[in-house]
Amino acid sequence: MIVATARTAAELLAPHFAEGGEVVAVLHLDDGQRLLATTVTEPDRGAGIDLPIRDIVAAALTAGAASVIVARSHAGGQAAPSEADRAGARLLAEAALAAGIRLADYFIFAGAECRSFRQLGLL
């Protein structure tokens, strides 16, 4: 499957956030934007989840990805990116780029809402 739009990415990612709670999901894409793999990180019950930058980059390298689309949930119900989200996305983009991988987009899911950093001009 080719993931060429934010809408397609959001449709693929949305099922991972349907149950609520803290989740980070990653779409791994080749240089033609074809989906190679999807990885999902869920924390232990009751624990928050940090952005697992090292794990995201390692999984992308293992999958042979040229780019990744990362999504995380906001359990508080607001899909608006926080300053921590912006900082985390910047760190992830830099770490991925150092490994030759592009951060194609970064989504925040909250309930039925989602926001794309690319569409918001944040990437």
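The values are calculated or read from the model by the stated rules, or taken from the named source; none is laboratory data. Since we're looking at a predicted model, the values are computed, not measured. Don't worry about glycine lacking a Cβ; one is built from the backbone with ideal geometry, like all the others, and counts go over all protein chains shown. The protein model used for the area step is the full one, side chains on, heavy atoms only, and it has no ligands, DNA or RNA in it. Shrake-Rupley method; radii C 1.70, N 1.55, O 1.52, S 1.80 Å.
Details
- Flag for I49 being modelled with pLDDT under 95 and open to solvent by less than 70 Å² (accessible area, probe 1.4 Å): yes
- Odd one out for G88, checked against (1) surrounded by fewer than 18 Cβ atoms within 10 Å (Cβ to Cβ); (2) modelled with pLDDT under 95: (1)
- Qualifying residue in region 92-99 (condition: crowded, with 20+ Cβ neighbours inside 10 Å and closer than 15 Å to H16 by Cβ): no
- Residues of region 100-123 satisfying the condition of being touching a residue at least 40 places away in the same chain (Cβ under 8 Å), open to solvent by less than 40 Å² (accessible area, probe 1.4 Å) and assigned to a loop (DSSP other than H, G, I, E, B): I101
- Test for G64: is it over 20 Å from V3 (Cα atoms) and not basic (K, R): no
- Taking region 1-97 and the strands (runs of 3 or more DSSP E) fully enclosed by it, the elements with 2 or more residues that are farther than 22 Å from L122 by Cα are at 35-41.
- Some residue of region 71-81 being surrounded by 13 or more Cβ atoms within 10 Å (Cβ to Cβ), over 21 Å from V3 (Cα atoms), at pLDDT 95 or above and in contact with a Lys or Arg (Cβ under 9 Å, 6 or more places away or on another chain): no
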